[in-house]
Amino acid sequence: MKNSNTVHIGIDDTDSKYGMCTTYLAYELVRLLRKEVDFLDYPKLIRLNPNIPWKTRGNGSISIKIKTTNFGRLKTRIINLVMGLADIENGANPGLVFYYNDVIPNRLINFSQSALFKLISRNKIKQFLESNDVDYFSSGNSQGLIGATSAIGYQFNDHTFELITYRKKSKIGGVRKISLDNVKLIQKKYATIFNSYYKNRILITPHGPDPVFYGIRGEDVKSLICASKLIQTNEHPKGYMVFKSNQGTSSHLDNQIDTSKFEPYASGTITGHISTIPIVNKGGHVTFFITNNSYTVKCISYRQTRLMNILMHLLVGDLVSVGGGIRKASKKHERVLNLELLKILKLVKHVKLANPKCKICNKNMKSEGHDQGFECRKCKTKQTHKIIINVQRSIKCGTYIPIPNAHRHLTRPLQRLGVINKNIYFDNTIPWFHTF
């Protein structure tokens with residue numbers, strides 16, 4: 001161990017589609033360490049590139065920053081905890097990374113940024129860690145080391161918080177029963193809380209057999225803790241923990257996609273002009289093309305996003321910025337950008353040709369036949385050409401995103417447009433960790 005007694009612990013890939021959750025493992029880790037170390041920040045929950053096909057649920061990784069004088073003794077206990085809880089038999093490939101310094105170097109920061117936007121090969125992760133003198137432990141194919149390293153290196157330009165409440169073991173796999181009225185109340189009472197429900201659908205509860213009971217997202221810790229006390233349920237949870245996160249920041253779209261390469265699984269944005277009128281395909285999906293630096297990119301917006309009413313009013317020449325992930329080509333489908341974000345930057349004028357009006361009678365003139373001009377049926381005045389009419393556009397410049405229940409974890413909700421949360425002060429007097 002190095003001279004510093006500050007340790008960053010990164011964890012990832014401990015869950016599977018059949019159970020477990022990396023945030024729950026972090027909760028158990030904090031419970032294990034809380035009487036033996038000092039915590040220097042809220043646990044970080046970092047969502048990485050959501051377009052990786054073999055990602056774990058939500059593609060979330062965790063890091064915890066602690067201060068201790070005896071990490072050598074704790075390290076074995078941490079590894080044993082992770083290996084004991086990770087769902088290895090169902091495909092989890094847990095990775096643990098330990099960085100012994102207070103300051104995160106640029107090489108780790110840059111690695112984390114790359115993990116937000118692109119596909120990173122697991123074949124080189126061990127070499128990267130060893131060449132940078134970073135301690136690690138892994139199981140299986142070492143996939144978890146990528147997320148664990150990225151969680152440590154992530155630097156916040158904007159952040160939110162999430163309070164996640166966990167279930168007792170006897171309740172895992174059962175139906176989560178929470179009052180919709182309670183959920184509506186917390187979002188109404190606390191303006192900083194977002195994406196808790198949409199219409200009559202609760203959005204704070206997952207649906208799988210994992211230990212998470214519910215998660216409330218917002219801008220500040222105190223509001224989340226107060227809101228959690230208003231959730232009424234017959235189930236008695238195990239406890240909760242608050243995470244600082246990049247959820248709701250759209251940080252994965254801060255990258256400009258290189259249209260000349262259009263690499264599969266990349267995330268980011270492309271700015272260009274609409275080059276074809278959008279078309280509604282079978283199933284309600286909308287496809288359209290934009291041109292960027294002489295490259296034409298196909299985009300698709302799935303029916304679930306409910307963006308069709310906006311997209312179908314775009315015209316050739318409109319300037320837009322589209323954000324999303326690039327889907328790999330298959331035998332049946334070409335490479336496309338799956339739309340998550342639409343910014344209309346400039347609208348072209350919509351004009352159409354119409355029969356002229358008689359300047360004397362103010363009546364619409366009638367066509368005399370092909371290339372024979374127009375005549376007023378009342379006063380017989382004639383005119384040779386149609387007139388140009390400007391049609392008011394039915395859409396406006398602005399930002400458009402899918403409906404809330406089609407959001408990804410990283411999607412910036414409308415409530416957060418223009419909001420940048422840079423207050424990263426860690427208040428250890430607030431009960432950010434609690435067991436019931």
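The values are calculated or read from the model by the stated rules, or taken from the named source; none is laboratory data. Keep in mind that what you see is a predicted model, and the values were worked out from it rather than measured. All Cβ positions, glycine included, derive from the backbone under ideal geometry; neighbour counts span all protein chains shown. Note: accessible area is taken over every heavy atom of the protein model, side chains too, but ligands, DNA and RNA are not part of it. Shrake-Rupley method; radii C 1.70, N 1.55, O 1.52, S 1.80 Å.
Do we have Leu345 as open to solvent by 80 Å² or more (accessible area, probe 1.4 Å), modelled with pLDDT under 85 and assigned to a strand (DSSP E or B) here? For Leu345, the condition - open to solvent by 80 Å² or more (accessible area, probe 1.4 Å), modelled with pLDDT under 85 and assigned to a strand (DSSP E or B) - is not met.
Checking each residue of segment 348-370 against the condition of being under 30 Å from Ser267 (Cβ atoms), open to solvent by less than 100 Å² (accessible area, probe 1.4 Å) and under 40 Å from the mean Cα position of the chain (by Cα) gives at least one match. I'm told Gln155 meets every condition in (1) within 23 Å of Asn101 (Cα to Cα); (2) open to solvent by 10 Å² or more (accessible area, probe 1.4 Å); (3) touching a Gly at 6+ places or on another chain (Cβ under 8 Å) except one. Can you identify the failing condition by its number? Single failed check for Gln155: (3). Lys199 - would you say it is without any contact (Cβ under 8 Å) to a residue 12 or more places away in the chain, surrounded by fewer than 18 Cβ atoms within 10 Å (Cβ to Cβ) and under 30 Å from His333 (Cα atoms)? No: the conditions fail for Lys199. If only residues of segment 258-290 that are among the hydroxyl-bearing types (Ser, Thr, Tyr) and within 12 Å of Gly325 (Cα to Cα) are counted, the one that is most open to solvent (accessible area, probe 1.4 Å) is Tyr265. Taking segment 99-112 as the search range and keeping residues that are modelled with pLDDT of 95 or more and open to solvent by 50 Å² or more (accessible area, probe 1.4 Å), which one is nearest to the chain's Cα centre (by Cα)? Taking the candidates together, the pick is Asn110.
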